[in-house]
Amino acid sequence: MNKAANILKEGAILTFAMAISSASVFFFLVPSHAAVSSISGLGIVLSGFIPLPLSTITMILNVVLLVVGFLTCGNEFGVKTVYTSFLLPIFLWILERLFPNFTSLTGSQELDVLCHVLISSFGLSILFNRNASSGGLDIVAKVMNKYLHIELGKAISLSGMCVALSAALVYDSKTVVLSVLGTYFNGVVLDYFIFHQNIKRRVCVITSREQELRDYIVNELHSGATFYRVTGAYTMEAHNEILTIVTKEEYQKLMNFLSKLDPDAFVTVYTVADIRYRPKPYMS
């Protein structure tokens, strides 16, 4: 039952992320005519040469790249990306039927590109953090990230530049420039969203009530902690420094607890973007 619930939860998250990305493509990317960092952007360019709806073109392109995703990034990534890849043209098809003559929400090409970059990057960051993608060029970016160790945002920008430059085949120079700039900032914003979702706090505390603080961290926050023996240079007094890594929510709880437990505690806080831990096997 738990496995089924987890699958439903994962599916709901992926569907939500794709609904965001699809709405961004339809309401902002398509009216701007810009080819920003996505297979949808390439589809927009190709729709000027191929007499097929955008939803059909994106479906064909995604199927080709899905094979690459399965072969290079594993079954979990492949299965999830199959699901999200089919959602994109489905959502676009629904929106095409609901808004058959849609033009632009903002009336400005520049604002359309900006809105698309902000909204689509948020949706895409959710997918990447769930080991999935929206298909298309996102698969290329994931492959570059895995094998070339390029940050996902930079990989999106690099893979999307060819699509952005292809806009020159169909549109004017202004649209090409917007496509290139939008592709670059799409990678920058994506890295920000991915980093922001994973960010944690490294908190170091020196307090006279260390045992009570340890009990709170372990029993209330259900987090780990490490004791270090430190010596102050001014007084040469030895103290225990407690180090713990917590989420943003846990950090607020910890600070509230500390302010009541020991207002004179010495606290330093650092930003942590990534944590890697490989437990050692027990010796027999």
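The values are calculated or read from the model by the stated rules, or taken from the named source; none is laboratory data. Please read these numbers as outputs of a predicted model, since none were measured by experiment. Note that we place each Cβ from the backbone using ideal geometry, even for glycine, and neighbour counts take in every protein chain shown. For the accessible areas, the whole protein counts, side chains as well, though only heavy atoms, and no ligand, DNA or RNA atoms are used. Shrake-Rupley method; radii C 1.70, N 1.55, O 1.52, S 1.80 Å.
With equal scatterers on the alpha carbons only and no solvent term, can you work out the Debye log10 of I(q)/I(0) for the stretch 113-164 at 0.13, 0.29 1/Å? The Debye formula, applied to the Cα set alone, gives -0.28, -1.27. The label-point distance for LYS146 and THR15, in a model that sets each label 7 Å from Cα toward Cβ, rounds to 2.7 nm.
On a 0 to 90° scale, report how tilted helix 54-73 is relative to the longest principal axis of the chain, with both axes built from alpha carbons and the result rounded to the nearest 10. Once rounded, the angle reads 40 degrees.
Which of ARG202, ARG229, ARG97 moves most in a GNM of the chain, Cα contacts under 10 Å? Most flexible of the set in this elastic network: ARG229. Per residue, the accessible area of the chain comes to 56 Å², computed with a 1.4 Å probe over protein heavy atoms only. Net charge of the neighbourhood of LYS142, taken over other residues with C-beta under 13 Å away and scored Lys/Arg +1, Asp/Glu -1, is +1. Cross-linked pairs LYS9/LYS200; LYS9/LYS248; LYS9/LYS142; LYS3/LYS142: no Cα-Cα separation exceeds 28 Å. Sorting VAL205, VAL218 by accessible area puts them as VAL218, VAL205; the probe is 1.4 Å, largest comes first, and only protein heavy atoms count. Of the solvent-accessible surface of the stretch 33-125, computed with a 1.4 Å probe over protein heavy atoms with every protein chain present, carbon and sulfur atoms account for 76 percent. Excluding same-chain neighbours fewer than eight residues apart, the aspartates and glutamates reachable from LYS146 by a Cα-Cα span under 17 Å are GLU76, ASP138, ASP191, ASP274. In this view, the solvent-accessible surface of PHE193, computed with a 1.4 Å probe and all protein chains in place, comes to about 50 Å².
Taking the convex hull of the alpha carbon positions in the stretch 79-139 and averaging its projected area over all directions gives 4.7 nm².
The translational diffusion coefficient of the stretch 1-157, from Stokes-Einstein at 25 °C and 0.890 mPa s with a Kirkwood hydrodynamic radius over alpha carbon pairs, comes to 155 µm²/s.
Here LYS260 is the anchor, and the aspartates and glutamates within straight C-alpha reach of less than 18 Å, apart from those fewer than 8 places off in the same chain, are GLU210, GLU212, ASP215, GLU220, GLU249, GLU250. Computed over every Cα-Cα pair of the chain and binned at 10 Å starting from 0, the pair-distance distribution P(r) comes out as 6, 24, 25, 17, 14, 10, 4, 0 percent.
What is the calculated FRET efficiency for GLU96 to VAL177, with r their C-beta to C-beta distance and R₀ = 22 Å, to the nearest 0.05?
0.20
Taking the empirical scaling 2.2 N^0.38 Å for compact globular proteins as reference, the stretch 137-278 has a Cα radius of gyration ratio of 1.60. Local charge for GLN211 was computed over the other residues whose Cβ lies under 15 Å away, with Lys and Arg +1 and Asp and Glu -1, and equals -4.
Each Lys and Arg adds +1 at its Cβ and each Asp and Glu adds -1 at its Cβ; summed about the Cα centre, the chain shows a dipole of about 580 debye.
Averaging 1/r across all pairs of distinct Cα atoms in the stretch 70-211 and inverting the result yields a Kirkwood radius of 17.2 Å.
Per the 1.4 Å probe, what fraction of the accessible area of the stretch 157-275, in percent, lies on carbon and sulfur atoms? Numbers along the way, then the final one.
On the way: 4020 of 7090 Å².
Carbon and sulfur atoms account for 57 percent of the accessible area of the stretch 157-275.
Each label was represented as a point 7 Å from its Cα along the Cα-to-Cβ direction; for ILE60 and ARG202 these points are 5.2 nm apart.
What's the magnitude of the charge dipole for the stretch 1-137 around its Cα centre, counting Lys and Arg as +1 and Asp and Glu as -1 at the beta-carbon? Answer in Debye, nearest 20. List each step's numbers first, then the result.
Values: 5 positive and 5 negative charges, 73 e Å.
Using Cβ point charges on Lys, Arg, Asp and Glu, the stretch 1-137 gives about 360 debye.
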